[in-house]
Every structure is written in structure tokens, then in C-alpha cells.
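Student: Please read through the structure below; I'll follow up with questions.
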Amino acid sequence: MRRLAALALLLTAVAACGTDETPNTSTITVFAAASLKGAFTEIGEKFEAEHEGVTVRFNFGGSADLVAQLQQGAQADVLATADEATMTKATDDGLVEALAYLGTNTLEIATPPANPANVDSIDDLTSPDVKVVVCAPEVPCGAAAARAEQAAGVDISPVSEEQSVTDVLGKVISGEADAGLVYATDVKAAGDKVHGVPFPEAATVVNKYPLAALARSTHEPVSQEFVDFVTGPEGQAVLGAAGFGKRP
């Protein structure tokens, strides 16, 4: 009997070692648009501080890429995208159910700090002497850029189209581009690494950011609690400080 009891204890210990979680801990995975990286990282730390035993793990990237990963079977608990159209793809596939909104964002032109191409408006981005980088059309920031072009009545010929807004910003910061169309929050987060050029047409192109607990989350109710935290007072304070507009 003693041998059987010892064997049972050993098997229990082995089973415990085979998982990253105990009954009192959990790790939730949040897929979030690249433009949310700074704000969500801070929100995640605050959420963990108030939820003992909970770890928040993030996967930041282009919204379209994140949804594609989920459609191909990637496991996650929460999804936040940079526009409604991309989230609709996830909803149509049954990946998410109830939606909430965390805030809004608008575009701004980013240039290197010295603004070597003297970009002062969106019209300047049409000059053949200005190397412009934008997001690809299928990415929320790319779709927003196309709408901004239409609102301004201009046609921009970019030197490259990127899969995330952080890639656009990276090319501007490195000096590979004279200007890039990014979100106002990205310009703010970059600080003195870039020079921001607001333009009036951006006010006509407002991206609403939805988020939701995923239908196949294995960490309910914690995943919904994270959504509620983002849309609650503490999460909204962080997002507001990062430059995001109020929830629609």
C-alpha cells in the first residue's frame, strides 16, 4: 500500500510538471494591434497587479495577420484590432462573439526629426522627391491611409507598403523614408525619434478599435475580465494618456 501511495504521489508530481499552470494561476494570451503595444503593455502590468496568479502574454502585430493566425488555429484568449473591418472577419468566422470598443485613433504624418523633405501637409507626400512609406491596403492603417488620400484628393505613390504601422514607423526612424502615414499615438510614443505633421483630412478618417474575448478561450472568465479592465477606468486612463480617443 505504501508503494502504491508513493507511486500515486509521483504521478501527481509528474502531471503537475507537465503544465505551466496550477489551479490558482492562469496565463491569458492577448492578440493586439501593433499600435496598442505601449498602452497594452502597461495595462497588462496593472491587470496582473490586481489579479493575483494571472499572467498576460501579448502577441502584437498587424491586425490582418493576427486574425489570419487565429483562422489558422492559433490559440488566444482576447483579440484587439485597429479597425472594425478586420474584427468583422473574426466575427464572421465565429472566433468572437460580444464586442466592446477600447477607443479611437487617427492618422498623422511622421518624418525624421529634422524633416529633411520639408513635409508640411499630405499634399507634399505626392512629390516624386519624397520617399513615402504606408501600410498595405489590407492592414487597418493602410485602409485608413487610402481613405485619407481620397478625402484630400491626392494620390500617393509609396516606395513600400508594410504589414504593420510599427514597420512604417521603423523605416521613418531609420531614415529609410522621408515620411510615413502612421497613427497619432505612434508619433506620440516615438517622442523625439520622429517629427509629427498633423493634417486636417485625418479628422475625417477615425479608426474605432474593437476588442473581444475569443469564443474558444480556455481562460474564461479571466479573458472577459481583461476586456472589462481595458474598457474600465484604469484601462481608459492608460489609453487616454497614450493619445487614443474616447470609446465610441
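The values are calculated or read from the model by the stated rules, or taken from the named source; none is laboratory data. What you see is a predicted model, and the numbers here were worked out from it, not measured in a lab. Don't worry about glycine lacking a Cβ; one is built from the backbone with ideal geometry, like all the others, and counts go over all protein chains shown. Just so you know, the surface numbers come from the protein's heavy atoms only, side chains and all, with ligands and any DNA or RNA stripped out. Shrake-Rupley method; radii C 1.70, N 1.55, O 1.52, S 1.80 Å.
Student: Would you mind working out the accessible area per residue for the chain, using a 1.4 Å probe, and quoting it in Å²?
Tutor: Result: 48 Å² per residue.
Student: Now for a different question. If you take every DSSP beta bridge whose two residues both sit in the chain, what share of them, in percent to the nearest 5, is antiparallel?
Tutor: Values: 18 of 34 bridges.
Counting only bridges with both partners in the chain, antiparallel ones make up about 55 percent.
Student: Quick one: compute the contact order of segment 165-248, relative version, from alpha carbon pairs under 8 angstrom and 6+ residues apart, as a percent.
Tutor: Relative contact order comes out at 25 percent.
Student: In vacuum, with every alpha carbon of segment 200-248 counted as one equal point scatterer, what does the Debye formula give for log10 I(q)/I(0) at q = 0.13, 0.20, 0.22, 0.29 Å⁻¹? Two decimals, please.
Tutor: Normalising to I(0) and taking log10 leaves -0.41, -0.77, -0.85, -1.09.
Student: What is the spread of the Cα atoms of the chain along each of their three principal axes, largest first, in whole Å?
Tutor: Between the extreme Cα coordinates on each principal axis of the chain lie 85, 34, 33 Å.
Student: Could you look at the chain and say what percent of its accessible area is carbon and sulfur, using a 1.4 Å probe and all protein chains?
Tutor: The C+S portion of the solvent-accessible surface of the chain is 52 percent.
Student: Quick one: length gained pulling Val159 to Glu97 fully straight, 0.36 nm per residue minus the C-alpha distance?
Tutor: 18.5 nm
Student: How much accessible surface does Thr218 have with a 1.4 Å probe, in Å² rounded to 10?
Tutor: Its accessible surface works out to 100 Å², give or take rounding.
Student: Still on this model: Among the listed pairs Lys46/Lys171; Lys171/Lys246; Lys208/Lys246; Lys171/Lys208; Lys46/Lys208; Lys37/Lys89, give every one whose C-alpha distance is greater than 20 Å.
Tutor: Long pairs (Cα-Cα over 20 Å): Lys46/Lys171; Lys171/Lys246; Lys171/Lys208; Lys46/Lys208; Lys37/Lys89.
Student: Here is a follow-up. Quick check: the distance between the Cα centres of segment 53-73 and segment 187-217, to the nearest angstrom?
Tutor: 18
Student: Provide Rg over Rh for segment 23-81; use the alpha carbon set for both Rg and the Kirkwood Rh (inverse mean inverse pair distance).
Tutor: Rounded to two decimals, Rg/Rh equals 1.00.
Student: In Å and from the alpha-carbon atoms only, list the Rg and Dmax of segment 57-140.
Tutor: For segment 57-140, the Cα radius of gyration and maximum Cα-Cα distance read 17.1, 48 Å.
Student: Oh, and also: Summarise the long-distance tail of P(r) for segment 113-248 by giving the % of C-alpha pairs beyond 23 Å.
Tutor: Looking at segment 113-248, the distances longer than 23 Å represent 41 percent of pairs.
Student: With a cut-off of at most 16 other beta carbons within 10 Å, and DSSP calling the residue loop, which GluC sites (Glu not before Pro) in segment 18-104 qualify? Please list them.
Tutor: Glu21, Glu52, Glu97
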